[in-house]
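The values are calculated or read from the model by the stated rules, or taken from the named source; none is laboratory data. Computed from a predicted model, the values in this text were never measured in an experiment. Every residue, glycine among them, receives a Cβ derived from its backbone with ideal geometry; neighbour counts consider all protein chains shown. Accessible surface is based on the protein model in full, side chains and every heavy atom, while ligands, DNA and RNA are left aside. Shrake-Rupley method; radii C 1.70, N 1.55, O 1.52, S 1.80 Å.
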Amino acid sequence: QVQLVESVGGLVQAGGSLRLSCAFSGRTFSNYAMGWFRQAPGQERERVATISWSTSYADSVKGRFTISRDNAKNTVYLQMNSLKPEDTAVYYCKARLGVGVSALHYWGQGTQVTVSS
């Protein structure tokens with residue numbers, strides 16, 4: 001069974017930086033597409049960034065956030081720069097095997113990121 005463990009988030013001032021990591025275990029990491037999602041209070045969970053053979057970003061974070069993976073360490077990262085108060089949310093790591101309706105999805109427990117103005 002896939003397990004995902006996110007690093008502790010934190011409190012950061014606007015304009016600051018933070019790096020999240022997500023440790024993957026239980027299966028072959030390189031077979032999985034990885035992603036970061038976030039959910040702010042009262043809002044739906046939204047995609048932030050994904051990485052498989054390429055990377056993809058939400059428009060709201062393009063140019064500020066960078067997703068990367070280290071297949072040797074079974075870890076995916078999210079480097080967040082120029083943080084804004086609107087980036088405040090619980091951030092979730094996600095692993096996906098396959099595509100479409102038959103894809104398998106696994107989620108981490110989430111980690112709180114708070115950006116103060």
Worksheet item: Of the residues Ala103, Ala40, which single one is out of contact with any Phe, Trp or Tyr (no Cβ under 6 Å at 6 or more places or on another chain) and either at pLDDT below 95 or within 24 Å of Gln1 (Cβ to Cβ) (or both)?
Response: Ala103
Worksheet item: Taking the stretch 43-62, which residues are outside any strand (DSSP E or B), touching a residue at least 12 places away in the same chain (Cβ under 8 Å) and among the small types (Gly, Ala, Ser)?
Response: Ser52, Ala58, Ser60
Worksheet item: Name the strands (runs of 3 or more DSSP E) wholly within the stretch 67-116 that hold at least 2 residues that are more than 18 Å from Ser54 (Cα to Cα)?
Response: 89-97, 104-107, 111-116
Item to complete: Answer with yes or no whether Lys84 is open to solvent by 20 Å² or more (accessible area, probe 1.4 Å), more than 17 Å from Gln112 (Cα to Cα) and more than 12 Å from the chain's Cα centre (by Cα).
Response: no
Fill in: Test: Gly16 is in contact (Cβ under 8 Å) with a residue 24 or more places away in the chain, of a type outside the set (S, T, N, Q) and under 26 Å from Ser117 (Cβ atoms)
yes
Worksheet item: What are the residues in the stretch 36-81 that are among the β-branched types (Val, Ile, Thr) and open to solvent by 50 Å² or more (accessible area, probe 1.4 Å), if any?
Response: Thr55, Thr66
Discussion item. Can you find, within the stretch 10-29, the residue that is nearest to Arg96 (Cα to Cα) among those that are under 16 Å from the mean Cα position of the chain (by Cα) and either loosely packed, with under 11 Cβ neighbours inside 10 Å or of a type outside the set (Ser, Thr, Tyr) (or both)?
Written reply: Phe29
Worksheet item: Does at least one position in the stretch 22-42 carry a residue that is part of a strand (DSSP E or B), among the small types (Gly, Ala, Ser) and in contact with a helix residue (DSSP H, G or I) (Cβ under 9 Å, 6 or more places away or on another chain)?
Response: no
Item to complete: Could you run through the stretch 43-70 and say how many residues are in contact with a helix residue (DSSP H, G or I) (Cβ under 9 Å, 6 or more places away or on another chain) and of a type in the set (Phe, Trp, Tyr)?
Response: 1
